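Notes follow once the structure below has been shown.
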Amino acid sequence: MNYWLVKSEPETYGWHHFTQQGRAIWDGVRNYQARNNLKAMKRGDQVLFYHSVTNPAVVGLATIVQEAYPDPTVAEDPGAASKGWVVVELEPLMPLDNPVSLRHIKAEPLLAAIGLIKQSRLSVMPIRVDEFELILKMGAKSSKNDHELL
DNA sequence: GCCAACGTTGGC
DNA sequence: GCCAACGTTGGC
């Protein structure tokens, strides 16, 4: 099992929209490193859903329900066809009771090496299992970490 | 709105 | 192959 984080701007495609829809085709990724991460995703992998730009925070947990296949939106994107862009499909598992803000992530020494901080512009990235579990713990209801960090 | 980080493009 | 110019992402 692998763990990942994907970013989305809530104004464009937020957690709420995702859960209403029930399933998302993660299309439009046009960065090679992000694409390689999409290709490495396996069915059942767990994915942290992160809101970027507006109130940046991890807001929910999702899972991979369909592994990578060619991005159908490439058809309307002249010049992109040869670059091997792919999509995966995601389904929501659960929201975090307390969204874990970027502020809190930066304040947590155990998360100092997380890709979210190290490579702030990457939109699809792997997460270590210990980082993943800690973020879920921080996002759980009445977490000890909230009191420490707030 | 500004700016830093960083990826892409194109001239040479 | 180098590098300047430019575009995009995303935090603040």
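Which helices (runs of 4 or more DSSP H) sit wholly inside segment A:1-74 and have at least 2 residues that are out of contact with any Ser or Thr (no Cβ under 8 Å at 6 or more places or on another chain) and away from DNA strand C (no atom under 16 Å from the Cβ)?
Hits in segment A:1-74: A:15-21, A:32-40.
When the residues of segment A:1-37 are narrowed to those that are open to solvent by less than 70 Å² (accessible area, probe 1.4 Å), under 15 Å from residue A:91 (Cα atoms) and of a type in the set (A, V, I, L, M), which ends up farthest from DNA strand B (Cβ to nearest atom)?
A:24
Starting from residues that are open to solvent by 30 Å² or more (accessible area, probe 1.4 Å) and modelled with pLDDT under 95, keep the ones in segment A:82-96 and report whichever is farthest from the chain's Cα centre (by Cα).
As a first pass, look at segment A:82-96 and keep what is open to solvent by 30 Å² or more (accessible area, probe 1.4 Å): A:82-84, A:91-95.
From the residues that got through so far, the ones that are modelled with pLDDT under 95 too are A:82-84.
Values: A:82: 26, A:83: 23, A:84: 21 Å.
So the residue we want is A:82.
Please enumerate the residues belonging to segment A:104-120 that are free of Cβ contacts under 8 Å to residues at least 40 places away in the same chain, surrounded by fewer than 18 Cβ atoms within 10 Å (Cβ to Cβ) and part of a helix (DSSP H, G or I).
Listed by number, the residues that qualify are A:106, A:109, A:110, A:117, A:118.
The values are calculated or read from the model by the stated rules, or taken from the named source; none is laboratory data. Being a predicted model, the structure only gives us computed values, none of them experimental. Note that we place each Cβ from the backbone using ideal geometry, even for glycine, and neighbour counts take in every protein chain shown. Note: accessible area is taken over every heavy atom of the protein model, side chains too, but ligands, DNA and RNA are not part of it. Shrake-Rupley method; radii C 1.70, N 1.55, O 1.52, S 1.80 Å.
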